[in-house]
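The values are calculated or read from the model by the stated rules, or taken from the named source; none is laboratory data. Bear in mind that the values here come from a model prediction, so they are computed numbers and not experimental data. Virtual Cβ from ideal backbone geometry, glycine too; neighbours counted across all protein chains shown.
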């Protein structure tokens with residue numbers, strides 16, 4: 001599923017209770033359209049953006065019940081945050097179960113793309129993450145978060161490069177862990 005909205009409208013990957021759900025500031029930049037929203041305006045964003053997005057994911061996973069499935073939540077990150085350099089061109093995050101993440105990290109490392117972040121630049125936490133705990137963990141399917149550094153996503157050829165690398169890594173993960181295709185998570 002793709003969200004058709006900027007995360008600055010409402011971040012579909014954040015719990016609604018998170019201050020980052022409808023952020024009033026995005027690393028050092030004010031978001032004026034998010035300041036002083038009424039509860040009705042917030043509710044409208046939840047009803048029109050957040051809830052339909054998550055209902056669609058749930059419906060897809062429910063339709064796949066009993067079939068081999070995995071959930072990848074794909075995002076981008078900045079190369080420098082608050083003066084701290086982030087050297088990984090890509091990172092893989094997980095929380096309670098790192099089996100899929102380990103396979104993806106190994107597969108990405110085999111592609112010689114540079115260092116692969118292991119739970120970097122982010123890890124999965126209840127206070128900041130919604131999609132993987134809600135859809136991956138609760139559905140009991142293989143899941144991981146992929147973070148691609150933004151300076152490696154400048155144009156469509158960069159996007160194609162990463163799509164090819166992620167497809168190859170996913171296929172390689174199946175070779176490393178045959179249980180990924182059996183539905184026996």
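Listed here are the residues, each with its yes/no results for (1) in contact (Cβ under 8 Å) with a residue 60 or more places away in the chain; (2) in the same structural domain as residue 150 (by TED's automatic domain parsing); (3) not in a helix (DSSP H, G or I).
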position: 7; (1), (2), (3): no, no, yes
position: 19; (1), (2), (3): no, no, yes
position: 44; (1), (2), (3): no, no, no
position: 53; (1), (2), (3): no, no, no
position: 74; (1), (2), (3): yes, yes, yes
position: 103; (1), (2), (3): yes, yes, no
Does segment 162-170 contain any residue that is farther than 30 Å from residue 59 by Cα, in contact (Cβ under 8 Å) with a residue 60 or more places away in the chain and either under 12 Å from the mean Cα position of the chain (by Cα) or assigned to a helix (DSSP H, G or I) (or both)?
no
Looking at 118, 112, which is the one that is more than 19 Å from residue 11 (Cα to Cα), surrounded by fewer than 17 Cβ atoms within 10 Å (Cβ to Cβ) and touching a strand residue (DSSP E or B) at 6+ places or on another chain (Cβ under 8 Å)?
118
Looking at the structure I just gave you, is residue 24 modelled with pLDDT under 95, farther than 23 Å from residue 148 by Cβ and in contact with a helix residue (DSSP H, G or I) (Cβ under 6 Å, 6 or more places away or on another chain)?
yes
Those residues that are in contact with a helix residue (DSSP H, G or I) (Cβ under 9 Å, 6 or more places away or on another chain) and either on the phi > 0 side of the Ramachandran plot or part of a loop (DSSP other than H, G, I, E, B) (or both), I need them from segment 128-161; list them, please.
130, 141, 153
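Within segment 76-101, how many residues are outside any helix (DSSP H, G or I) and either over 14 Å from residue 148 (Cβ atoms) or free of Cβ contacts under 8 Å to residues at least 12 places away in the same chain (or both)? Give the steps one after another, and end with the answer.
First, pick out the residues of segment 76-101 that are outside any helix (DSSP H, G or I): 76-98.
This time we only want the ones that are either over 14 Å from residue 148 (Cβ atoms) or free of Cβ contacts under 8 Å to residues at least 12 places away in the same chain (or both), so: 80-85, 94-98.
Going through segment 76-101 one residue at a time, the tally reaches 11.
Give the residues of segment 55-69 that are part of a loop (DSSP other than H, G, I, E, B) and surrounded by 15 or more Cβ atoms within 10 Å (Cβ to Cβ), sorted by residue number.
To start, the set of residues in segment 55-69 that are part of a loop (DSSP other than H, G, I, E, B) comprises 64-69.
Answer for segment 55-69, where residues must be part of a loop (DSSP other than H, G, I, E, B) and surrounded by 15 or more Cβ atoms within 10 Å (Cβ to Cβ): 68, 69.
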